[in-house]
Amino acid sequence: MPPPVHDHSIRRVVIVGGGTAGWMAAAAFARLLNNGYTRITLVESEEIGTIGVGEATIPPIRSFNQMLGLDENEFLAATAGTFKLGIEFFDWGQKGERYIHPFGQLGQDLQGVHFHQLWLRERGRRAIPAITDWSMSAVAARGGRFGRAKADARSPIRELFYAFHFDASLYARYLRGYAERGGVTRIEGRIDAVDLRAQDGYVEAVTLADGRRIEGDLFIDCSGFRGLLIEEALETGYESYAHWLPCDRAVAAPCALPDPREPDPFTRATAREAGWQWRIPLQHRMGNGLVYGSAFLDDEAAEAQLLSHLEGELLGDPRRLRFTAGRRRESWNRNVVALGLSSGFLEPLESTSIHLVQAAIQRLIALFPDTRFDPAERAEFNRQMRDLYEDVRDFIILHYKATRRDDTPFWNQVRTMAIPDSLERKLALWQGKGRLFREGYDLFSTPSWVAVCLGQGIVPERWEPAADALDEELVAQAMTQIRAGYIDTAEQLPSHGDFLRMAAPSPLAPAMTAMAGEAHFDFARARSAAAPSSGSPF
């Protein structure tokens, strides 16, 4: 027997557009709005292509997949996915430099003092390795290793945090199957008109090219940069971040993997003369793209630059993309909620595009309206999304501002530009005594900011006085033991490729399926630290 329906209950949710954003929303609604009376409809047209400038994610994607109840190994096999332990940056501080932004914690806090404060103090006494030597994820990534922790694991493998690389179109297809099994109705068709209610300007229905009219109570705009509902129909407005983030173009092209047996368990971002290049290893191919500023590099030169740096055979025609970094002034306007590119765009330097979709879905579920559309709920959703966009914006700007490069006009501009007050305050606190305050933020915690700041050469003048209260010899001994523990643990793990062959080989990747069982390591020993089955790793 279905639950009682209140007079103001949302009964019809219409998702406009498919792709990753649309089918993530559809899958989440199928799982969380399965109340017996809310009908979910998704409208998309195969005539309209989807845009996916990146296929890399960050660890919160795992909680989204777990919420849906997805089997992790099945999901990876279906999407030709690989594991991701962080992002490696080349040539960002100065040409020739590299560092990694790993997932998870850095070392271990001691007696309430952040580990990076102890590292800063030790660095003032003696020469020590980079702080990411005290990251389980970074050490494993450097060795091309991977493993999952058992539920009762006591070793440092518990500190190995990960996300995924996957084929975004395959992920959308996978979620489509999930959503349709959960009762979501898909309608094929191109939208020709958006009908607004005369009395209040709310969206009443969308009309397809063949004349079909689809009515709804709540509309989810996943129509891409166009913003068919949120912008073309409701004229919400757009806040540009272009004065801080001058990249406004991208060109993407897939190529063959340089080593199909061993895809790297990390994303790589390499700074180029007028932007940066991404490198994302999947099981069956490498995803590549160049993000650049059109004021500094023309489209033809950008495409040539990307193709000249591919590591394998070109597997598809390059695709070009234009964008303006920024966000809609309101992600939720009247009865329309924008997700994905309809809501805004921040270049995928830290792989946040899919997370911004996920975060919006989670907030919408938490503030799910009825047909009265309480302004307080809408305002809170918009406030939270604005704060999230601005926080991610600041983190991306940090990478540009922290450069010491002056070899091209592009890098000169971003190095010397004025930055948002919010980022200025963060950097002032960091440069003084390495202080960072990330409480209340659900993304990019203190270790992430530490890794990027130190990785690009922003070293504080001093450290917190509390660090001086700890015994120097005990701290040095603890740091040595922690680092050795990470190294020893990584050496016991299977290679990333071996783990994929053991756990989640994709049928699209012969190198993964045909070589299954050919791993050259002690499985019994490895499995004591790395469990190939799906489920939570902590």
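The values are calculated or read from the model by the stated rules, or taken from the named source; none is laboratory data. What you see is a predicted model; the values in this text were computed from it and never measured. So basically every Cβ, Gly included, is an ideal-geometry build from the backbone, and we count neighbours across all protein chains shown.
For the range 449-458, the condition holds for no residue, the condition being that it is under 27 Å from TYR162 (Cβ atoms), modelled with pLDDT under 95 and assigned to a loop (DSSP other than H, G, I, E, B).
Is there a residue being modelled with pLDDT under 95, of a type in the set (Asp, Glu) and either farther than 30 Å from ARG285 by Cβ or in a loop (DSSP other than H, G, I, E, B) (or both) anywhere in the range 504-518? Yes, there is a match, as at least one residue in the range 504-518 is modelled with pLDDT under 95, of a type in the set (Asp, Glu) and either farther than 30 Å from ARG285 by Cβ or in a loop (DSSP other than H, G, I, E, B) (or both).
Are any of the residues in the range 256-267 closer than 28 Å to MET417 by Cβ, of a type in the set (Gly, Ala, Ser) and within 24 Å of the chain's Cα centre (by Cα)? Checked the range 256-267: no residue is closer than 28 Å to MET417 by Cβ, of a type in the set (Gly, Ala, Ser) and within 24 Å of the chain's Cα centre (by Cα).
Of all the listed residues (ARG176, ARG158, ARG123), the sole one being in a helix (DSSP H, G or I), under 30 Å from the mean Cα position of the chain (by Cα) and farther than 29 Å from ARG226 by Cβ is ARG158. Total residues in the range 296-317 satisfying the condition of being surrounded by 18 or more Cβ atoms within 10 Å (Cβ to Cβ), within 25 Å of the chain's Cα centre (by Cα) and part of a loop (DSSP other than H, G, I, E, B): the figure is 1. Considering every residue within the range 232-251, establish whether at least one is closer than 30 Å to HIS496 by Cα and touching a Pro at 6+ places or on another chain (Cβ under 7 Å). Within the range 232-251, one or more residues are closer than 30 Å to HIS496 by Cα and touching a Pro at 6+ places or on another chain (Cβ under 7 Å). Checked against (1) modelled with pLDDT of 95 or more; (2) not assigned by TED's automatic domain parsing to the domain that holds ILE354, LEU228 passes all but a single condition, namely (2). When residues in the range 166-201 are screened for being more than 17 Å from TRP23 (Cβ to Cβ) and touching a Phe, Trp or Tyr at 6+ places or on another chain (Cβ under 8 Å), 1 of them pass.
For every residue, the table says whether it meets (1) surrounded by fewer than 20 Cβ atoms within 10 Å (Cβ to Cβ); (2) part of a loop (DSSP other than H, G, I, E, B); (3) not polar (S, T, N, Q).
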position	(1), (2), (3)
PHE83	no, no, yes
GLN94	yes, yes, no
GLY107	no, yes, yes
SER137	no, no, no
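Of all the residues in the range 443-484, those that are over 27 Å from TRP430 (Cα atoms) and buried (at least 17 other Cβ atoms within 10 Å of the Cβ) number 0. Would you check if ARG378 is surrounded by fewer than 21 Cβ atoms within 10 Å (Cβ to Cβ), over 25 Å from LEU68 (Cβ atoms), in the same structural domain as VAL203 (by TED's automatic domain parsing) and of a type in the set (Lys, Arg)? Considered against the rule, which asks whether it is surrounded by fewer than 21 Cβ atoms within 10 Å (Cβ to Cβ), over 25 Å from LEU68 (Cβ atoms), in the same structural domain as VAL203 (by TED's automatic domain parsing) and of a type in the set (Lys, Arg), ARG378 comes out as yes.
Conditions tested, residue by residue: (1) touching a Cys at 6+ places or on another chain (Cβ under 9 Å); (2) more than 28 Å from ARG11 (Cα to Cα).
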{"site": "ALA338", "(1), (2)": "yes, no"}
{"site": "SER342", "(1), (2)": "yes, no"}
{"site": "THR403", "(1), (2)": "no, yes"}
{"site": "VAL414", "(1), (2)": "no, yes"}
{"site": "ALA428", "(1), (2)": "no, yes"}
{"site": "LEU436", "(1), (2)": "yes, yes"}
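Do we have GLU313 as free of Cβ contacts under 8 Å to residues at least 60 places away in the same chain, of a type outside the set (A, V, I, L, M, F, W, C) and not assigned by TED's automatic domain parsing to the domain that holds VAL16 here? Yes. Checking each residue in the range 126-135 for being assigned to a helix (DSSP H, G or I) and surrounded by fewer than 20 Cβ atoms within 10 Å (Cβ to Cβ) picks out only ASP133.
Could you check the range 406-434 and list, in sequence order, the residues that are part of a loop (DSSP other than H, G, I, E, B) and in contact (Cβ under 8 Å) with a residue 24 or more places away in the chain? Within the range 406-434, ASP407, THR408, MET417, ILE419, PRO420, GLY434 meet the criteria.
Counting only strands (runs of 3 or more DSSP E) wholly contained in the range 189-278, the ones carrying 3 or more residues that are under 18 Å from HIS309 (Cα atoms) and touching a residue at least 60 places away in the same chain (Cβ under 8 Å) occupy 249-255, 267-272. Residues of the range 344-374 being closer than 27 Å to LEU297 by Cα and of a type in the set (S, T, N, Q), which ones? Within the range 344-374, SER351, THR352, SER353 meet the criteria.
Of all the residues in the range 404-437, those that are among the hydroxyl-bearing types (Ser, Thr, Tyr) and farther than 25 Å from LEU356 by Cβ number 2. Restricting attention to the range 58-80, does a residue exist that is in contact with a Ser or Thr (Cβ under 6 Å, 6 or more places away or on another chain) and of a type in the set (Ser, Thr, Tyr)? Among the residues of the range 58-80, not one is in contact with a Ser or Thr (Cβ under 6 Å, 6 or more places away or on another chain) and of a type in the set (Ser, Thr, Tyr), which makes the answer no.
Of everything in the range 336-372 that is under 15 Å from the mean Cα position of the chain (by Cα) and in a loop (DSSP other than H, G, I, E, B), the residue that is surrounded by the most Cβ atoms within 10 Å (Cβ to Cβ) is LEU339.
The condition of being of a type in the set (A, V, I, L, M) and touching a Phe, Trp or Tyr at 6+ places or on another chain (Cβ under 6 Å) does not hold for ILE58. For the range 477-493, the count of residues that are assigned to a loop (DSSP other than H, G, I, E, B), modelled with pLDDT of 95 or more and of a type outside the set (Val, Ile, Thr) is at least one.
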